[in-house]
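The values are calculated or read from the model by the stated rules, or taken from the named source; none is laboratory data. Quick caveat: nothing in here was measured; it's all calculated off a predicted structure. Counting neighbours? That spans all protein chains shown, and the Cβs are built from the backbone with ideal geometry, glycine included. To get the accessible areas, we keep the full protein, side chains included, count just its heavy atoms, and leave off ligands, DNA and RNA. Shrake-Rupley method; radii C 1.70, N 1.55, O 1.52, S 1.80 Å.
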Amino acid sequence: MQSVYAEAFEREMAISVSEWLDRLPQAIGPWPWERLSDSAAVVHWPDGRLRLCWQPLPDRVMGSIRLPRLAVAFRFEGLSAEQRTQFMRRFDLVLQRGGG
């Protein structure tokens, strides 16, 4: 997890579109949101918003393993650094993969 989140950034995530859509409501949490299209959503706060846009990438192949990939753009508007961090900490925890 990061300690600071910029107003706009992009990530490559090892997740399929269907899994992303299944986990997105839990990752967003209590904030109201709406899906804008097949590849975009917006999360609303009283004083700002977050626009999420995603696009599938070719699978990452490592030997016989194939990992789905998704490019995700985050665009916060009108939210403080503290609000961005609070949201992203929850978001990252929900979408975190297990590991050892």
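Condition test on Leu93, is it part of a helix (DSSP H, G or I) and at pLDDT below 95? Yes: the conditions hold for Leu93. Residues being at pLDDT below 95 and closer than 19 Å to Ala6 by Cα: count how many of those fall in the stretch 29-80. Qualifying residue count for the region: 1. Summed over the stretch 1-35, the residues that are open to solvent by 80 Å² or more (accessible area, probe 1.4 Å) and more than 21 Å from Gln86 (Cα to Cα) give a count of 2.
Screening Arg84 with (1) among the charged types (D, E, K, R); (2) within 22 Å of Leu36 (Cα to Cα); (3) open to solvent by 50 Å² or more (accessible area, probe 1.4 Å); (4) touching a residue at least 40 places away in the same chain (Cβ under 8 Å) gives one miss only, at (3). Residue pairs whose Cβ atoms lie under 6 Å apart, separated by 6 or more positions or on different chains, with the first residue in the stretch 59-78 and of a type in the set (Asp, Glu) and assigned to a strand (DSSP E or B) and the second at pLDDT 90 or above and surrounded by 15 or more Cβ atoms within 10 Å (Cβ to Cβ), are Asp59/Pro68; Glu77/Gly48; Glu77/Arg49.
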